[in-house]
1. For the pair residue 29/residue 92, report the inter-label distance in nm, with labels modelled 7 Å from Cα in the Cβ direction.
2. Using the per-residue mean of other Cβ atoms lying within 10 Å as a proxy for protection, in what order, highest first, do the peptides 96-102, 46-52, 156-162, 26-32 fall?
3. Quick check on packing: order 65-71, 149-155 by the mean number of other C-beta atoms within 10 Å, highest mean leading.
4. State the extension gain, in nm to one decimal, for the chain segment bounded by residue 146 and residue 50, taking 0.36 nm per residue of separation less the distance between their alpha-carbons.
Amino acid sequence: MESSPAPIPFQICSPLADISNADLDSHISNPFHPPQPGSDAPHQGIDLADYYGDNRIAIEGRTVNAVLDGRVAAVINDRFPYGYAVMIETPFEMLPSDWKNTLSFPTSPPEGYSNPTLTCPPIAETTSGMQEITSLYLLYAHLQAAPAAEVGDLIQCGQPLGIVGSSGNAL
């Protein structure tokens, strides 16, 4: 009787080369602040940087790695506010059970808002023919150059996605 291969344990990789997961907290220069529905403000991501004296700056040229396994959902080429960026989709069923119990997902888009300054495309009114799949999306933004990945590419945890840069609205 043949044995099945052992399942690969869930893995979380550091997004920055040469920085361990345990050290990431000390590199957060701008934390996540959840926005109100229909707003681009406040900050919708986490910025990572290094200390130089009293200053915190991103180290341009450092490799940016995938945090989770997934598939390329979008490649953004020099578009405000993210500059060069890549978005990785990890299906909900791939996440560990303890994550599933703590994450909350909206059941429908917010109603009745219109904000012409938003940079996101409008929400589709209909999703006919589409299966409902919940996923976690991670966006790696402000890269130095256009990502080499293409939409649909499979990505592994720790795989290089690009190089830290200052494209888009990066300070």
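Just so you know, all these numbers are worked out from the coordinates, no wet-lab data involved. Since the structure is predicted, the reported quantities are computational estimates derived from the model, not experimental observations. So basically every Cβ, Gly included, is an ideal-geometry build from the backbone, and we count neighbours across all protein chains shown.
1. 3.5 nm
2. So the peptides 96-102, 46-52, 156-162, 26-32, ranked by packing, come out 156-162, 46-52, 26-32, 96-102.
3. So the peptides 65-71, 149-155, ranked by packing, come out 65-71, 149-155.
4. Numbers: separation 96, 0.36 × 96 = 34.56 nm, distance 2.31 nm.
Computed gain between residue 146 and residue 50 is 32.2 nm.
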